[in-house]
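Everything on this sheet refers to the single structure shown next.
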Amino acid sequence: MPVFVGTSGWQFREWRDAFYSGVPQRRWLERYAGHFATVENNSSFYGLPGRERFEAWRERLPPGFIMAVKANRELTHVARLRDPAGHVDRLVEAAAGLGDRLGPFLLQLPPWLRAAPERLAACLDRFPAGARVAVEPRHRSWWNDEVRGLLTERDAALCWADRGGRPVAPLWRTASWGYLRLHEGRARPVPSYGDAALRSWCRRVDEAWPRSADCHVYFNNDPGPAPVLNALRFAGLMRGLGREVPAAAGALPLGFGGLVARLAEPAQDAAPQGAEALTEEVDGRDGDEDERDGDREDRGEAEDHDEGLHADQGRDAHVAEDRQRLRAVGEGGDGGPDAALPLLGHRSCIPGARRSGPSQAVRRPARGGRGRQPRRSASSSRS
């Protein structure tokens with residue numbers, strides 16, 4: 001069975017001049033589906049679309065494409081899993097418009113919500129038989145045998161999650177299938193994932209689930225080029241382990257096949273020059289960070305918005321280079337089968353590779369200032 005690899009969302013303005021270069025916004029989903037066979041729909045978290053919207057998405061997606069659907073915040077963050085019947089019924093009815101393109105549902109719980117096994121059980125039991133549900137708890141009180149048992153009994157997947165290149169939840173296998181979200185890497189430009197982290201996650205997925213199981217992997221790390229580039233690299237590494245990773249069901253754009261074939265090749269590090277850049281360690285969200293996450297949720301923003309991890313002015317130039325190379329992928333390498341391959345030699349695009357030149361220290365703003373990003377539309381927000 002395949003390992004589906006994609007990104008969390010596809011409607012990001014930051015991708016306009018790179019991945020979607022020359023493509024009108026109304027055709028972005030088709031361009032995305034030309035490179036990936038799955039996507040995680042996060043817009044449903046902020047406002048649940050009607051069934052007709054899901055039906056329209058289905059008509060635009062190729063056969064074999066899978067769309068995971070994140071549960072609306074009214075269920076997980078406002079009701080906090082209480083009285084789930086109405087919320088779950090509306091979610092299932094709307095998402096049914098995807099037909100055979102419907103993948104798993106994701107319940108991402110707020111970081112301040114303590115364990116409530118009875119509520120979670122009632123919520124899971126409301127989903128129709130055969131529906132796949134992944135659960136992403138984020139408070140440590142959920143890590144107990146009772147929660148593990150109720151997930152296992154219902155074949156509900158504990159969502160594996162990464163932040164800072166390390167797991168932020170127990171690596172329990174509670175279902176016959178798997179679900180992994182990668183929120184924030186530590187490679188440059190932040191929050192890209194380095195090769196070591198990607199290889200570790202590929203190994204974990206390969207060891208935890210047999211070839212007969214299918215897994216869903218989504219990159220949720222930044223609206224910039226990182227998710228697309230990291231997802232392509234992850235897919236190549238999984239193929240290198242002998243796992244099936246479907247690309248688009250239809251014909252791939254010219255040049256993309258050559259890129260896919262080369263993605264499993266290891267990157268060659270350049271000799272570092274100058275002082276090594278400093279990166280602050282990002283641990284699982286505990287204590288006061290959980291509290292700040294809750295405050296941000298109350299303001300209607302995404303809890304998992306990157307907490308002010310910004311590089312200094314040099315990052316803008318690096319991201320611009322990334323976008324230029326991302327454009328080569330989006331356009332399918334019109335210059336020939338190897339036109340997109342400069343991606344593989346770029347120090348920031350190849351996870352784990354060091355960038356030569358002056359060090360670029362990654363700074364976090366003071367506690368009083370978050371270094372807020374420009375507001376994004378609900379359809380392009382991340383959590």
In region 77-126, the residues that are over 29 Å from L61 (Cα atoms) and of a type in the set (G, A, S):
A79, A85, A115, A116, A121, A122
For region 74-95, which positions are within 23 Å of R181 (Cα to Cα) and in contact (Cβ under 8 Å) with a residue 40 or more places away in the chain?
L75, H77, L81, L91, A95
Can you find, within region 247-275, the residue that is modelled with the highest pLDDT among those that are of a type outside the set (A, V, I, L, M), closer than 26 Å to R101 by Cβ and buried (at least 17 other Cβ atoms within 10 Å of the Cβ)?
P253
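W57: on the phi < 0 side of the Ramachandran plot and either at pLDDT below 95 or not in a loop (DSSP other than H, G, I, E, B) (or both), yes or no? Walk me through it before giving the result.
Working: on the phi < 0 side of the Ramachandran plot: yes; either at pLDDT below 95 or not in a loop (DSSP other than H, G, I, E, B) (or both): yes.
Considered against the rule, which asks whether it is on the phi < 0 side of the Ramachandran plot and either at pLDDT below 95 or not in a loop (DSSP other than H, G, I, E, B) (or both), W57 comes out as yes.
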Give me the pairs, please: first residue somewhere in region 26-38 and assigned to a strand (DSSP E or B), second residue anywhere and small (G, A, S), beta-carbon distance under 9 Å, and either six or more positions apart or on two chains.
T38/G6; T38/A68; T38/G103
With the condition kept exactly as written, say whether any residue in region 88-103 is within 24 Å of R31 (Cβ to Cβ) and not in a helix (DSSP H, G or I).
yes
Subset of region 151-174 that is among the charged types (D, E, K, R) and surrounded by 21 or more Cβ atoms within 10 Å (Cβ to Cβ) - its residue that is farthest from A208 (Cα to Cα)
R163
Pick from region 10-22 the residues that are in a loop (DSSP other than H, G, I, E, B) and crowded, with 18+ Cβ neighbours inside 10 Å: which of them is nearest to the chain's Cα centre (by Cα)?
W10
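Out of G165, G149, G194, G178, report the one residue that is of a type outside the set (A, V, I, L, M) and touching a Cys at 6+ places or on another chain (Cβ under 8 Å). Break it down into steps so the answer makes sense when it comes.
Working: G165 fails: touching a Cys at 6+ places or on another chain (Cβ under 8 Å); G149 fails: touching a Cys at 6+ places or on another chain (Cβ under 8 Å); G194 fails: touching a Cys at 6+ places or on another chain (Cβ under 8 Å).
Exactly one of G165, G149, G194, G178 is of a type outside the set (A, V, I, L, M) and touching a Cys at 6+ places or on another chain (Cβ under 8 Å), namely G178.
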Scan (1) surrounded by fewer than 24 Cβ atoms within 10 Å (Cβ to Cβ); (2) over 12 Å from the mean Cα position of the chain (by Cα); (3) among the aliphatic types (A, V, I, L, M) for the single condition A235 breaks and write down its number.
(1)
Restricting to region 39-53, and then to whatever is in a helix (DSSP H, G or I) and more than 16 Å from the chain's Cα centre (by Cα), can you tell me which residue is nearest to F65 (Cα to Cα)?
R53
Any hit, region 181-195, residues being under 19 Å from S212 (Cα atoms) and touching a residue at least 40 places away in the same chain (Cβ under 8 Å)
no
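Every residue in region 197-214 that is touching a Cys at 6+ places or on another chain (Cβ under 8 Å) and among the small types (G, A, S), please.
Looking only at region 197-214, we keep the residues that are touching a Cys at 6+ places or on another chain (Cβ under 8 Å), and these are 205, 209.
Across region 197-214, there are no qualifying residues.
Table: residues versus (1) farther than 30 Å from D195 by Cβ; (2) at pLDDT below 95; (3) not polar (S, T, N, Q).
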site	(1), (2), (3)
N72	yes, no, no
L102	yes, no, yes
L109	yes, no, yes
A121	yes, no, yes
V133	yes, no, yes
E146	yes, no, yes
G149	yes, no, yes
A161	no, no, yes
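For (1) surrounded by fewer than 23 Cβ atoms within 10 Å (Cβ to Cβ); (2) not in a loop (DSSP other than H, G, I, E, B), each residue gets a yes or a no:
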residue	(1), (2)
A196	yes, yes
S200	yes, yes
R204	yes, yes
H216	no, yes
D222	no, no
Please determine, by comparing only the residues of region 64-79 that are surrounded by fewer than 17 Cβ atoms within 10 Å (Cβ to Cβ) and in contact with a helix residue (DSSP H, G or I) (Cβ under 8 Å, 6 or more places away or on another chain), which one is nearest to Y218 (Cα to Cα).
E74
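For region 34-50, does any single residue satisfy the condition of being more than 30 Å from G236 (Cβ to Cβ) and surrounded by fewer than 16 Cβ atoms within 10 Å (Cβ to Cβ)?
Of all residues in region 34-50, those more than 30 Å from G236 (Cβ to Cβ) come to 46-50.
Adding the requirement that they be surrounded by fewer than 16 Cβ atoms within 10 Å (Cβ to Cβ) leaves 47, 50.
Yes, because at least one residue in region 34-50 is more than 30 Å from G236 (Cβ to Cβ) and surrounded by fewer than 16 Cβ atoms within 10 Å (Cβ to Cβ).
The values are calculated or read from the model by the stated rules, or taken from the named source; none is laboratory data. Every value quoted in this text rests on a predicted model; they were computed, and no experiment measured them. Virtual Cβ from ideal backbone geometry, glycine too; neighbours counted across all protein chains shown.
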